[in-house]
Amino acid sequence: MNIQAPVEANQRIYPGPKVAAIAICLDGCEPEYLEVAIAEGLMPTLARMRAEGTDRLAHSVIPSFTNPNNLSIATGRPPAVHGICGNYLIDPDSGEEVMMNDVRFLRAPTIFKQFYDAGAKVAVVTAKDKLRALLGAGLRFDDGRAKCFSAEKSDSTTQAEHGQEKASEWLGMAQPEVYSAELSEFVFAAGVKLLKEWQPDVMYLTTTDYIQHKFAPEDAEAKAFYEMFDRYLAQLDEMGAAIVVTADHGMKPKHHADGSPNVIYVQDLMDEWLGVGQARVILPITDPYVVHHGALGSFATAYLPEGADRDEIIAKLQAQDALILVVDKEEAMRKFELPGDRIGDIVMISGENICIGTSADRHDLAALKEPLRSHGGLTEQEVPFIVNRKMDLPDAPELRNFDAFFCVTTAAAL
């Protein structure tokens, strides 16, 4: 190991690891997926980790989406600190609706940068490329101590930009299709090879929730995914690494009995109450991968026109059975530790089996081949938190998924 002194990141102190410290984010891993797979004997390694190590449930940040939670795990702090509060936002500087995957939106250094700056070897492998730049912010690749690449773009990685020339060729696995279980398997396989041959001090492996959006825990495809993951987890564990397994969010069915999506279209309501186009409803789940969810999630924010009666609109939204929480910006900032300049005047969260949409005619749901499963709200906040070492940890809600690197570096320092 290259570093054993403590490292500070965003007012938290991380012990210097004596063995590799690895955090694994299983995108969309509703705890039930693990329960079903373990009960059927498909995950012997994780079952042993739960029995011999530490098995807890933690809370993700809200909105329970990919980007906010991955950056919370990467910084050890909530969105109010790091600034990433969705996959998508209205840019306060331009008023344009944009993806929040540009490094300019990141307001705090990552744990990876801080360890790298302290002399550690750091590896980050993502499934989708949308996270790579954010997670790799501040890393340099000219001295051989950092690697940060995605499975999605693994054919075209370079030493100069990613710390790894042609990652797919290096790994001996073809660049996977973005809508596939193989995209996540590439991440696991890369993690094993990196640990075996490159021996990072700190490593982050983060997957895609393609399988979880498509398949319920009892479906054969989901069980096969977790069985596959357990095989790679066994290899990482056998090499002596300290490992924490957690998730960015859970996943719930969001459809009617006939399989059609169950949606409340809030932009249509706003248009009826305030006039067409007067309010702007933003769905922070929006990203380029609409096959997963059709941009339908359980969290939304709305910008109201000047002069609108915010309390009246909140009351009207609270009267909708589909919505389990509607609060103003100030309450959302306090309750969910969100950056106020990147959310609207109102924040709303839907129930366990229903999503929030904008207008019915603005969602292309043709790509949804299975009954809709999605996330973003309070009912998808509970996630697994499993460490392959004995630790004295609290449970949710005190334990957060963004405690992952504090816990795993602590375990790796023992």
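Centroid-to-centroid, using Cα positions, region 351-414 and region 1-65 are 12 Å apart. Summing charges over neighbours of residue 275, with a neighbour being any other residue whose Cβ is under 15 Å away from its Cβ, gives -4 when K and R count +1 and D and E count -1. Within the listed set 188, 149, 225, the residue fluctuating most in the Gaussian network model of the chain (springs between alpha-carbon atoms under 10 angstrom) is 225. Computed about its Cα centre, the charge dipole of the chain is approximately 1360 debye, with only Lys, Arg, Asp and Glu carrying charge at their Cβ. Counting only protein heavy atoms and a 1.4 Å probe, region 1-116 has 33 square angstrom of accessible area per residue. Annotation note: trypsin sites (Lys or Arg not before Pro) in region 295-373 located in DSSP loop regions with a Cβ neighbour count of at most 13 within 10 Å are 369. By accessible area, using a 1.4 Å probe on protein heavy atoms only, region 195-234 has 45% of its surface on carbon and sulfur. Our helix-only sum for the chain, with -39,500 (n - 2.57) per DSSP H run of n ≥ 4 divided by its residues, gives a mean residue ellipticity at 222 nm of -8500 deg cm²/dmol.
In a DSSP loop and with at most 15 other Cβ atoms within 10 Å, the GluC sites (Glu not before Pro) in region 295-350 are 306. According to the Kirkwood relation over distinct C-alpha pairs, the hydrodynamic radius of region 232-385 is 16.8 Å. Loop-located GluC sites (Glu not before Pro) in region 349-414 (DSSP state not H, G, I, E or B) with no more than 15 neighbouring Cβ atoms inside 10 Å: 352, 398.
The order of 50, 107 by accessible area, most exposed first and with a 1.4 Å probe, is 107, 50. Rolling a 1.4 angstrom probe over region 316-414 with all protein chains present gives an accessible area of which 47% lies on carbon and sulfur atoms. Summing charges over neighbours of residue 153, with a neighbour being any other residue whose Cβ is under 14 Å away from its Cβ, gives -2 when K and R count +1 and D and E count -1.
Placing pseudo-labels 7 Å out from each Cα toward the beta carbon at residue 199 and residue 315 gives an inter-label distance of 6.8 nm. Protein-only accessible surface at a 1.4 angstrom probe places the residues 49, 99, 239 in the order 239, 99, 49, largest first. Computed over the chain, the percent of Cα pairs more than 35 Å apart is 24. Distance between the C-alpha centers of region 107-165 and region 198-226? Whole Å please. The distance from the Cα centre of region 107-165 to that of region 198-226 comes to 20 Å.
Farthest towards the positive end of the charge dipole of the chain, among the residues 199, 9, 63, is the Cα of 199, using unit charges on the Cβ of Lys, Arg, Asp and Glu. Charge tally around residue 81: other residues with Cβ under 15 Å, Lys/Arg +1 each, Asp/Glu -1 each, net +3. With 0.36 nm allotted per residue and the present C-alpha distance subtracted, the residue 91-residue 177 stretch has 27.9 nm of extension available.
Here r is the Cβ-Cβ distance between residue 38 and residue 99 and R0 is 35 Å; the resulting FRET efficiency, rounded to 0.05, is 0.45. Calculation over all alpha carbon pairs of region 1-115 in 5 angstrom steps from 0 returns a P(r) of 2, 9, 16, 17, 16, 15, 12, 8, 3, 1, 0 percent.
Against the criterion of solvent-accessible heavy-atom surface with a 1.4 angstrom probe, 255, 375, 363 sort, most first, into 255, 363, 375. Could you tell me whether region 325-414 comes out rounded, prolate or oblate from its Cα gyration tensor? Rule is a ≥ b ≥ c as square roots of the eigenvalues, rounded for a/c under 1.5, then prolate if a/b exceeds b/c, otherwise oblate. Oblate.
The values are calculated or read from the model by the stated rules, or taken from the named source; none is laboratory data. These numbers come from a predicted model, not from an experiment. Please note: Cβ atoms are built from the backbone with ideal geometry, for glycine as well, and neighbour counts cover all protein chains shown. The area values use the complete protein model at the heavy-atom level, side chains included, leaving out ligands, DNA and RNA. Shrake-Rupley method; radii C 1.70, N 1.55, O 1.52, S 1.80 Å.
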